[in-house]
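These notes concern the structure reproduced below.
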Amino acid sequence: MSVSGAERDGGDGSFSAAGWVDAALRAALARSLPAILEPARPFRPRCLLLSGSAALGEAVGWGAENPAGRLVLSDLDLGLVTADRVPEEDRVRIVAAARAAGMAVASAGLQENLARVRGAEGPAGGSRPPGDPAVFPDVEVTLGFYESAWWTRQTLTPGMTDARSRGIVVWGDTTLPARLAGPVAGRIHPWEAVRLVGNRALELLAAPGPESAPALRPRGWYALAKAVTGLWTARLIVEGRYRIGWNVRRALLEEAVRGPSARGADAVVRGALAWAPFLDRPCEQTVPTGPAWLPAYHDALETWLASLPPDLRGSGEAIEGAFLAEPVSLRERWRAWRAEASPIRGLARSTGGSGKCALPVRLARARGTPGGRRMAAAVLYWRELPERPEPAWGESPLAAFEAPAWEGHIRRLLGRSAPAGPGCRSRLMATLGLGLPSATGLQEGIKG
């Protein structure tokens, strides 16, 4: 029977307060189990762990009276622990199968599908989604890979902290989550705040804007909401005050402006407060007014970067100083660059398998990892705003920077120029290979 990875805090076991979101996630999980576990059998799977907002019961979706207009906004975050290392080419294949399972149409007998996977009795919580046959919205499935021998040596990230306390083992050894390092907020390395900000900037770069097709706009707003509120979470990490669950972190946000020790609302706090209602219940009524879109993120990002402590900010320019100082061992750094140079990574990141989206390996002689450099490039774009973003998020609150200056920064970070073409944002996305399927990298997996 599927059980929590460690003692859970209350709740009714639902993935979401919205019944239709809960049902859609359970349907996607039922499809994902065989899609992941069957091809992973040669590598001796030990455990498949669900974490993130679904495990916390905080998953959300964009509601609509017509079910066809509904969108599940939260991911289904899964981590696969295996006895043997999964080679890169197999990771690509398994990740693609998991993503396809999230996009499939559910049918009758979802629970019966689980019986075909050895040892699986059903998703945590157990009840069969209503409808026979049933049709549910698409769900984005993300998947990380972990070797059991290295499981207890994982870097303590916000995601790993959440997984230990609130993760759900949906298949396999239910004792593995409890073997992770304990959820002590002060033990999360401050650089994990940098990683969180960088990942959110990358997600926003690839997200549709409010002038895109109506059916896609909620995903853009959701990406922006996560980017803005993520700066508040990043501040808590740096200060050693990270807490599990958005609802708890939101209470700390309210205290920051109304509590007895309130310090006032700077741009980070104001931005998070503006987007907090949307994260609670994504809909037209909770989207902030236009001026709180891109300007709120831009101002909060500037404030957050300026507030970084000297040991995290490093010397010189704030973005390069922080994002190129990832605290990884020389062995881990070498593995990251070696994976960057592999044909499989190039195939996964580029159109037609040309490998043009891989960063030049000569950068390995300089600071940083491939992932850190990509995150720095995304954060740099949103801080400098070298154009009116496309699709438009709204006018920039400041005078636009000269594109040549931005291009010089990108060339230094990524080791090559962005390809010619209209739109700095589109050119940067092409350089980074965003929007294309790829295997999880060295530090990816359970997301913070």
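The values are calculated or read from the model by the stated rules, or taken from the named source; none is laboratory data. The shown structure was predicted, so the numbers you read here are calculated from the model rather than taken from an experiment. Every residue, glycine as well, gets a Cβ built from its backbone with ideal geometry; the counts of neighbours run over all protein chains shown.
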(request) Quick one: count up the residues across the stretch 137-165 that are surrounded by fewer than 19 Cβ atoms within 10 Å (Cβ to Cβ) and either at pLDDT 85 or above or over 18 Å from the mean Cα position of the chain (by Cα) (or both). (result) 9
(request) Any residue in the stretch 138-157 that's farther than 19 Å from P34 by Cβ: show its pairings with residues that are surrounded by fewer than 15 Cβ atoms within 10 Å (Cβ to Cβ) at Cβ separation under 6 Å, as long as the two are six or more apart or on different chains. (result) E147/R85; S148/A83; T152/R179; L156/R187
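Being farther than 27 Å from P208 by Cα, surrounded by fewer than 24 Cβ atoms within 10 Å (Cβ to Cβ) and either modelled with pLDDT of 95 or more or in the same structural domain as Q154 (by TED's automatic domain parsing) (or both), is that true of even one residue in the stretch 16-25?
If we filter the stretch 16-25 for residues that are farther than 27 Å from P208 by Cα, which is where we start, we get none.
Scanning the stretch 16-25, I find no residue that is farther than 27 Å from P208 by Cα, surrounded by fewer than 24 Cβ atoms within 10 Å (Cβ to Cβ) and either modelled with pLDDT of 95 or more or in the same structural domain as Q154 (by TED's automatic domain parsing) (or both), so the answer is no.
Conditions tested, residue by residue: (1) surrounded by 22 or more Cβ atoms within 10 Å (Cβ to Cβ); (2) of a type outside the set (K, R); (3) closer than 29 Å to R200 by Cβ; (4) modelled with pLDDT under 90.
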| position | (1), (2), (3), (4) |
| --- | --- |
| G63 | no, yes, yes, yes |
| A83 | no, yes, no, no |
| A96 | no, yes, yes, no |
| A101 | no, yes, yes, no |
| S107 | no, yes, no, yes |
| N113 | no, yes, no, yes |
| A120 | no, yes, no, yes |
(message) Condition first: modelled with pLDDT under 80, within 26 Å of W406 (Cβ to Cβ) and in contact with a Cys (Cβ under 8 Å, 6 or more places away or on another chain). Can you find one or more residues in the stretch 308-327 that meet it?
(response) no
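Is one or more of the residues making up the stretch 226-236 more than 19 Å from Y381 (Cβ to Cβ) and among the β-branched types (V, I, T)?
Of the residues in the stretch 226-236, the ones more than 19 Å from Y381 (Cβ to Cβ) are 229, 232-233, 235-236.
So of that shortlist, the ones also among the β-branched types (V, I, T) come out as 229, 233.
Yes, the stretch 226-236 has at least one match.
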(request) Check M375 against each of (1) touching a helix residue (DSSP H, G or I) at 6+ places or on another chain (Cβ under 7 Å); (2) over 14 Å from G198 (Cα atoms); (3) modelled with pLDDT of 65 or more and name the one condition it does not meet. (result) (2)
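Per-residue answers, yes or no, for (1) assigned to a loop (DSSP other than H, G, I, E, B); (2) among the aromatic types (F, W, Y); (3) touching a Gly at 6+ places or on another chain (Cβ under 8 Å):
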site	(1), (2), (3)
A27	no, no, no
L33	no, no, no
G57	yes, no, yes
S74	yes, no, yes
V86	yes, no, no
V92	no, no, no
A98	no, no, no
(request) Give just the number: which of (1) at pLDDT 85 or above; (2) of a type outside the set (G, A, S); (3) assigned to a helix (DSSP H, G or I) does R345 not satisfy? (result) (1)
(message) Filter the stretch 281-306 down to the residues that are buried (at least 18 other Cβ atoms within 10 Å of the Cβ) and over 15 Å from A201 (Cα atoms) and list them by number.
(response) P282, V287, P288, A292
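Determine which member of the set A201, A213, A227, A163 is among the hydrophobic types (A, V, I, L, M, F, W, C), assigned by TED's automatic domain parsing to the domain that holds S74 and within 30 Å of W62 (Cβ to Cβ).
Sole residue among the options that is among the hydrophobic types (A, V, I, L, M, F, W, C), assigned by TED's automatic domain parsing to the domain that holds S74 and within 30 Å of W62 (Cβ to Cβ): A163.
Just give me the residues in the stretch 145-156 being under 20 Å from R46 (Cβ atoms), not charged (D, E, K, R) and not in a helix (DSSP H, G or I), in sequence order. First the steps, then the outcome.
Residues of the stretch 145-156 under 20 Å from R46 (Cβ atoms): 145-155.
Retained after the next criterion (residues that are not charged (D, E, K, R)): 145-146, 148-152, 154-155.
Those that are under 20 Å from R46 (Cβ atoms), not charged (D, E, K, R) and not in a helix (DSSP H, G or I): F145, Y146, Q154, T155.
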(request) Please go through the stretch 312-329 and pick out each residue that is of a type outside the set (A, V, I, L, M, F, W, C) and in contact (Cβ under 8 Å) with a residue 40 or more places away in the chain. (result) E320, E326, P327
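Restricting to the stretch 234-247, name every residue that is surrounded by fewer than 23 Cβ atoms within 10 Å (Cβ to Cβ) and assigned to a helix (DSSP H, G or I). Full working, then the answer.
Here is the first cut: in the stretch 234-247, the residues surrounded by fewer than 23 Cβ atoms within 10 Å (Cβ to Cβ) are 236, 238-241, 243-247.
L236, V238, W246, N247, listed by residue number.
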